[in-house]
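Working notes for the structure below.
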Amino acid sequence: MLTYILRRVLQAIPVFFGTTFLIYFMVFAMPGDPIAGLFGDKTPNPAVADALRAQFNLDQPFIMQYLLYMKDFFTGNLGVTFSGQQVSDVLARAFPVTLKLVLMAVVLEFILSVVIGLISGLRKGKFFDNISLVVALVLSSVPVFVAMFVAQYFVGIKWGLAPVTVGADTTWGAMFLPAAVIALTVYVTGMRLMRGSVIESRQADYVRTAYAKGLTHKRIVPVHIARNSLIPVITNTAASFGALIAGTTVTEGIFNIPGIGQVLYQAITQSEVPTVVTFVTILTVIYVIVNILVDLLYAVLDPRIRYV
Amino acid sequence: MKVRKAVLAGLAATAVASLVLAGCSSSDDTDSTPTSSTATSGDAMASGGVIRTNGSEPENPLIPTATNETGGGKILDAMFAGLVYYDGTGAAHNDLAESITQVDPTSYEIKIKPDQTFTNGEPVVASSFVDAWNYGALASNAQNSSYFFEDIEGFSYDEDSELTGLTVVDDLTFDVKLNKEASDFPLRLGYSAFYPLPASAFEDMEAFGANPVGNGPYMLAGPDAWQHDVQIELVTNPDYTGERKPANDGLTIVFYATQDAAYADLLAGQVDVIDGIPDSSLQTYEADLGERAVNQPAAIFQSFTIPQSLEHFEGEEGMLRRQALSMAINRDEITDVIFNGTRTPASDFTSPVIDGWSDTLEGAEVLAYNPDEAVKLWAEADAMSPWEGTFQIAYNADGGHDAWVDAVNNSIKNTLGIEASGNPYPTFGEFRTDVTDRTIDTAFRTGWQADYPGLFNFLGPLYATNAGSNDGDYSNADFDALLQQGNTAADAATANGFYQDAQEILLKDLPAVPLWYSNVNGGYAEGVNNVQFGWNSVPLYYEITKG
């Protein structure tokens, strides 16, 4: 087990350098001059533009820019934005907000998956099962941003049940609506996984044995069926956690949530290399860590899987 | 056994969460700040005095000379007072200035009002201006707005040099000597680049840019008032005695990444005034808001420029082709259908919100749709040298320009019977790079937003020979001479006469083909009063009241 973890962590190192290099290269190769973009329709004075270029190392060749960035990265200096803020400060501000949003979405997703999946699995082919399938199909075929706008318009503006946008008010309550909409658009996979494994477990030998022993339905469902069916749902939820952290840009734009998606979007449109690379690097690291943990979760949850 | 596995599973799941949480140890304090401050702004809303509006995170430090975009400019205009300010019609009035006297067209004597202070208690004196302007102009400070000082004696783009044209006479008086005539110099002084700075700013400009100290109608609500990427909270400055005395208790500018979010907040009454409407709601916002909708021309001029050196667009032939193209475009229909009436067809090279604008200039009929005349002129040009190929207009695809470029091209295609198409660039940066390097070999879209409400600002920087933003390399000695006459005029009315004459030359040569003026589209919530948009499309926040 320990060697397995060690190997996975070592594997993460080339992934780290590979991604930062690729991202840096892509931002560098982005056509157009970020400094010219700063001046809008006006032509910047060459001297002013050169001074700004030197300030952000944009006058260096690509490989030097990358090495300078890496040097700064490992000495804890993540660079500054065009507006003069430390990228680390920006990250520290934006990251907790996104984390909160995604955590809430993932918890809701998990609850929806387990509850609906369990009932569907137990009532296979009955009314509830069919309805939940139809609802799931509808929800998963609606584009996320459409669901967001609809929820914002009705729940926020028309009925006044939730704040329309989040802005400065990044409390759990204010972010419940966007988190719930995210959960509704992603719970379907987990729900179907849960349903499938519940159906499978019901026919398993140990469940039949339990009934034969004379145990009640009330005890068998939570203890024998539900618990063993949770394994694929838990790993699926954990994996969606990583994907959601990196994929909240649309949600954050619509609900004006000051998280990493929004900051990253603005940095990309302004070609702000240090911000983009740092954010993507951090996202990569999180994604890698989450994936390692998910793989380890398998072993913990399912005794049949062992890593050596 | 099973039980222990379940407990382990739970532990592992929490571990996933807490490990990621541990990755950002500062999550606790950053979380608590926004929450508490929202509580206070919520209370203030209840008392009915703090105006909430939309904005965007400043792209530069909040230093007047470093800021050249609206996100930061909006905040600076609220926090600082300059020598003059602009009212809702674009007319300039003295703000801090007691008097601005023209000694001759290149020298001015400026007297400032006594007993003015910055919000840190420092007095506003002549050197507050002189030092701030010198800082903004110094080449090594690389300030985005340094070009505003290029007309002052001693200015250099290439090396650090003092603005020798600025002389402090006494505490409240200073002289300005210009290196060329500029009759509209006093008009420019309301722009944020000319704001004064307190002496303490120069000790640590970086810290000042993060926490600016101004002398204007509003000031920062506290040390944490600027929550980056979230909002900035301003309260009224009790020591401000100028003309822009706020009628409200404060101003909170909420940063929105999308106009959709701002508009949704307006519909729900969570924001009081917005100065942008998302494209998705342009057809419905006037019905949604009724009298609270705002749609009026702004100081933004849109055109497309045909480089002077482009094949078939030189000399006499080029003039005919330019006029033919201009008359082939049905501006009324395009502004109506494509823009839902949120653009106003152009009738000159400036903007209706500028003093001196006219829709009756000689030759302005070239901007009206006239297919017969267009075909005739195009045929005349063809007689000189037959046209072949495709007429193209380059634009940046990230700015929502594709619809109108296609419409303009269709209008040209249908009228003149030639091939016409758009030439999209993925990003604005890439587009401007090609324009600036002169590597572009098609016509391209151009736009101009005025820095101050003067006719010259729409003409000089764009069409004067070798001017900074003369992207098409236009040059006409008669035009230059008329501009110069305007610049040396004794008063604004005479100057505007010369500038109008100069435009009549442009209407013949069409260095850029005028299309339309952008409108400002906005709106305000129920119960909000006295909303007036300034010449620069930003609401005059100090006048707004609610409740």
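Whenever a residue of region B:55-75 is more than 8 Å from chain A (Cβ to nearest Cβ), its partners that are aromatic (Phe, Trp, Tyr) and crowded, with 23+ Cβ neighbours inside 10 Å, lying with C-beta atoms within less than 6 angstrom and at least six residues away or across chains, give the pairs B:Gly55/B:Phe255; B:Ser56/B:Phe255; B:Pro64/B:Tyr195. Considered as a group, the residues in region B:263-299 that are in contact with a Gly (Cβ under 6 Å, 6 or more places away or on another chain) and of a type in the set (D, E, K, R) include one that is farthest from A:Gly167 (Cα to Cα), and that residue is B:Arg292. Scan region B:101-136 for residues that are among the hydrophobic types (A, V, I, L, M, F, W, C) and out of contact with any strand residue (DSSP E or B) (no Cβ under 7 Å at 6 or more places or on another chain) and the total you get is 3.
Can you tell me how many residues in region A:188-236 are in a helix (DSSP H, G or I) and away from chain B (no Cβ under 14 Å)?
We begin by selecting, within region A:188-236, every residue in a helix (DSSP H, G or I); these are A:188-202, A:205-212, A:217-236.
Those still in the list that are away from chain B (no Cβ under 14 Å) too: A:188-189, A:191-200, A:202, A:205, A:208, A:211-212, A:217-218, A:221.
Here the count works out to 20.
A:Glu109: acidic (Asp, Glu) and either within 28 Å of the chain's Cα centre (by Cα) or at pLDDT 95 or above (or both), yes or no? In short, yes.
Among the residues making up region B:383-402, those that are small (Gly, Ala, Ser), surrounded by fewer than 16 Cβ atoms within 10 Å (Cβ to Cβ) and within 23 Å of the chain's Cα centre (by Cα) are B:Gly399, B:Gly400. Taking the criterion of being more than 12 Å from chain A (Cβ to nearest Cβ) and hydrophobic (A, V, I, L, M, F, W, C), the residues of region B:424-457 that qualify are B:Ile440, B:Ala443, B:Leu455, B:Phe456.
Would you say B:Ala403 is assigned to a helix (DSSP H, G or I) and either closer than 29 Å to B:Ala502 by Cβ or touching a Pro at 6+ places or on another chain (Cβ under 7 Å) (or both)?
Numbers: assigned to a helix (DSSP H, G or I): yes; either closer than 29 Å to B:Ala502 by Cβ or touching a Pro at 6+ places or on another chain (Cβ under 7 Å) (or both): no.
Taking the combined requirement at face value, the residue does not satisfy it.
Of the residues in region B:466-480, how many are aliphatic (A, V, I, L, M) and exposed (fewer than 14 other Cβ atoms within 10 Å of the Cβ)?
Residues meeting the conditions: 1.
For region B:410-436, the set of residues classified as farther than 30 Å from B:Glu380 by Cα and of a type in the set (A, V, I, L, M, F, W, C) consists of B:Phe428, B:Phe431, listed by residue number. Exactly one residue out of A:Leu118, A:Leu52, A:Leu112, A:Leu68 is within 13 Å of chain B (Cβ to nearest Cβ) and either surrounded by fewer than 22 Cβ atoms within 10 Å (Cβ to Cβ) or in a helix (DSSP H, G or I) (or both): that is A:Leu52.
The C-beta contact set for region A:15-29 (first residue within 10 Å of A:Thr284 (Cβ to Cβ) and in contact (Cβ under 8 Å) with a residue 40 or more places away in the chain, second residue part of a helix (DSSP H, G or I) and polar (S, T, N, Q), distance under 6 angstrom, 6+ apart or interchain) comprises A:Thr19/A:Thr284; A:Thr20/A:Thr281.
Here A:Val276, A:Val288 are screened, and the one residue that is modelled with pLDDT under 85 and either more than 25 Å from A:Gly190 (Cβ to Cβ) or buried (at least 22 other Cβ atoms within 10 Å of the Cβ) (or both) is A:Val276. Applying the criterion of at least 3 residues that are under 26 Å from A:Thr249 (Cα atoms), away from every other protein chain (no Cβ under 11 Å) and at pLDDT below 95 to the strands (runs of 3 or more DSSP E) found wholly in region B:206-287 leaves an empty list.
Where helices (runs of 4 or more DSSP H) sit wholly within region A:237-308, those with at least 3 residues that are farther than 28 Å from A:Gly156 by Cα occupy A:260-269, A:273-301. Only one entry in B:Ala364, B:Ala346 is among the hydrophobic types (A, V, I, L, M, F, W, C), surrounded by 22 or more Cβ atoms within 10 Å (Cβ to Cβ) and in contact (Cβ under 8 Å) with a residue 60 or more places away in the chain, namely B:Ala346. Evaluating B:His228 against the criteria (1) surrounded by fewer than 20 Cβ atoms within 10 Å (Cβ to Cβ); (2) more than 22 Å from the chain's Cα centre (by Cα) leaves one unmet condition, (2). Of all the numbered requirements in (1) within 14 Å of chain A (Cβ to nearest Cβ); (2) without any contact (Cβ under 8 Å) to a residue 40 or more places away in the chain; (3) within 29 Å of B:Asp359 (Cβ to Cβ); (4) assigned to a loop (DSSP other than H, G, I, E, B), B:Thr465 misses one, and that requirement is (1). Contact map, region A:51-68: residues that are closer than 13 Å to A:Glu272 by Cα and without any contact (Cβ under 8 Å) to a residue 24 or more places away in the chain paired with residues that are part of a helix (DSSP H, G or I) and not acidic (Asp, Glu), Cβ distance under 8 Å, separation 6+ or inter-chain. Pairs shown: A:Leu52/A:Ile35; A:Leu52/A:Leu38; A:Arg53/A:Ile35; A:Asn57/A:Met64; A:Asn57/A:Gln65; A:Asn57/A:Leu68; A:Asn57/A:Tyr69. For A:Gly247, the criteria (1) away from chain B (no Cβ under 12 Å); (2) within 30 Å of A:Thr3 (Cβ to Cβ); (3) small (Gly, Ala, Ser) hold in every case but one, which is (2).
The values are calculated or read from the model by the stated rules, or taken from the named source; none is laboratory data. Not measured: the values here are computed from a predicted model. Here the Cβ is made from the backbone with ideal geometry for all residues, glycine too, and neighbour counts use every protein chain on show.
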